[in-house]
1. Being surrounded by 19 or more Cβ atoms within 10 Å (Cβ to Cβ) and outside any helix (DSSP H, G or I) is the filter here; which residues of segment A:157-173 pass it?
2. Going residue by residue through segment B:52-63, is there one that turns out to be outside any loop (DSSP other than H, G, I, E, B), touching a residue at least 12 places away in the same chain (Cβ under 8 Å) and farther than 22 Å from A:R50 by Cβ?
3. Restricting to segment B:32-67, give me the number of residues that are more than 11 Å from DNA strand C (Cβ to nearest atom) and within 27 Å of B:L163 (Cα to Cα).
4. Hey, could you check segment B:18-46 for residues that are assigned to a helix (DSSP H, G or I) and among the β-branched types (V, I, T) and say which is farthest from the chain's Cα centre (by Cα)?
5. Do you know which residues across segment A:18-49 are touching a residue at least 40 places away in the same chain (Cβ under 8 Å), within 14 Å of DNA strand D (Cβ to nearest atom) and either within 14 Å of chain B (Cβ to nearest Cβ) or in contact with an Asp or Glu (Cβ under 6 Å, 6 or more places away or on another chain) (or both)?
6. Here's a check for you: in segment A:50-82, which residue that is aromatic (F, W, Y) and within 13 Å of DNA strand D (Cβ to nearest atom) is nearest to the other protein chains (Cβ to nearest Cβ)?
7. Answer yes or no: is there a residue in segment B:105-123 that is touching a helix residue (DSSP H, G or I) at 6+ places or on another chain (Cβ under 7 Å) and within 12 Å of chain A (Cβ to nearest Cβ).
8. Taking segment B:7-31 as the search range and keeping residues that are closer than 20 Å to A:V47 by Cβ and surrounded by fewer than 16 Cβ atoms within 10 Å (Cβ to Cβ), which one is farthest from DNA strand C (Cβ to nearest atom)?
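The values are calculated or read from the model by the stated rules, or taken from the named source; none is laboratory data. Note that the structure is a prediction, hence the values are computed from the model and not measured. Every residue, glycine among them, receives a Cβ derived from its backbone with ideal geometry; neighbour counts consider all protein chains shown. Just the protein is used for accessible areas: all its heavy atoms, side chains included, with ligands, DNA and RNA removed. Shrake-Rupley method; radii C 1.70, N 1.55, O 1.52, S 1.80 Å.
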2 protein chains.
Amino acid sequence: MNLAPNPAFRSDSAASLLRTEILNGTTSPGTLLAESAVAKRLGVSRVPVREALFALEREGLVEFSATGRAFVKALTPQDFEELYVLRLTLEPLASRLAASTLKADITQLEKNVAATRRARSVQEVTRLDLEFHQLILAASGNVRLLKLWRSLRGELELWLGRLHRSHQLQTRETLQETVDAHQGIVESFQTQSPAACERLMREHILGWREWLPLSS
Amino acid sequence: MNLAPNPAFRSDSAASLLRTEILNGTTSPGTLLAESAVAKRLGVSRVPVREALFALEREGLVEFSATGRAFVKALTPQDFEELYVLRLTLEPLASRLAASTLKADITQLEKNVAATRRARSVQEVTRLDLEFHQLILAASGNVRLLKLWRSLRGELELWLGRLHRSHQLQTRETLQETVDAHQGIVESFQTQSPAACERLMREHILGWREWLPLSS
DNA sequence: GAGATTCATTCGGTATACCGTTTCAATACG
DNA sequence: CGTATTGAAACGGTATACCGAATGAATCTC
């Protein structure tokens, strides 16, 4: 028996806690995350906090000043524009690459869509929505492509969280639209060509254009 | 006078040294980079070495095992395939986005091409080649796009370095081809539409297809 | 001999301490 | 009043030390 896959590193715990607080909006953008202060608050030393901050930087939730101080990232409308352009490039590509894989097995995607139908909170829908897209990135088979997307995921969550808090999103209709679109994409993997899958994903993301802060 | 932009962090020095050794091939792929050993060799403590290893991981030159040990990344033909697909996606996009910026000012690109013409070593050509492409990524104005590309740059350098060492590249003709292609791209920014710039970059990268390890 | 076991060594995760630099607000200056 | 100055507190970069876990080779088992 070689079990014990959970060393429970303090750096991971610290990252999880800080991640939650940032995504919740508990700690507002621009806040200084001083190593000493965070360490004292979490009851650990500065070393794991340091690593947690680096991890969060890779996720796009934290940014470092020139002098090495960590701040909760503050996103501007232009940042969302950048993210949007990249999603519009990376995700259709992933869809095309994933087409052959997903033709054989779409059980995970189907589970995700079913769970989204049953979801009861906006947080849950958001999580499942991002998970749906990440499943396709993972199915692309290009681990670098998945890594690139994951480095943007934190910022995408910040974006969605902001939309939710401003009540611009997640009326009953938009939820239904999301589920329908995802359902259509899943079916496309079974019935259509890779190029068609790519196109469908592109159109799905184009539908997000209206939620860009700039256009509101 | 507030000069002193060079704190000369030991972590940066360590990263530079290790980076050079990895790209040279001095430390071969798969080599364990134990923190203690590297620290002793460089005459610093483990802490800056740790950070250097994280930095090199972001650059794609080092990978961590499940138990946290750092190894010099070993690239497989499939890895090159992944990198190629991503270049083929990101760089034409950057070209299109950079078109408006570069219509106004191509001096940096022109300097680069001129320097490439004057280059006397394969290492220098490689460096200038990657710099040319990076200039365009930077000119795209999308800082996230630039960051994504930079996270692949280390692996691209490993790829080119391998090609050089196997003498498959950098005959006089391929150098001339590179310079010509780059010159054409620079001119396209002045004379053509963003879509045409995008297409030209795509074709330039398609030209690299023959250098994929799989096809040789 | 092939595979499981043991154990000394190595290695990474973390705590703590020290130091120079940065920061920022109170103060002095024009 | 607006702008330099200054000095104490805060912060990050690094060194060192401790510990449990992982590693790999020698050993034991069948």
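1. Hits for segment A:157-173: nothing passes.
2. Within segment B:52-63, the first condition is being outside any loop (DSSP other than H, G, I, E, B), and the residues that meet it are B:52-59, B:62-63.
Next cut, touching a residue at least 12 places away in the same chain (Cβ under 8 Å) only: B:52-53, B:55-59, B:62.
Adding the requirement that they be farther than 22 Å from A:R50 by Cβ leaves none.
Within segment B:52-63, none of the residues are outside any loop (DSSP other than H, G, I, E, B), touching a residue at least 12 places away in the same chain (Cβ under 8 Å) and farther than 22 Å from A:R50 by Cβ.
3. Residues meeting the conditions: 9.
4. Per the stated criteria, the residue is B:V38.
5. Across segment A:18-49, the qualifying residue is only A:T27.
6. A:F54
7. Taking segment B:105-123 and keeping what is touching a helix residue (DSSP H, G or I) at 6+ places or on another chain (Cβ under 7 Å), we get B:106, B:108-110, B:112-113, B:115-117, B:119, B:122.
Retained after the next criterion (residues that are within 12 Å of chain A (Cβ to nearest Cβ)): none.
Taking every residue of segment B:105-123 in turn, none turns out to be touching a helix residue (DSSP H, G or I) at 6+ places or on another chain (Cβ under 7 Å) and within 12 Å of chain A (Cβ to nearest Cβ).
8. The residue in question is B:D12.
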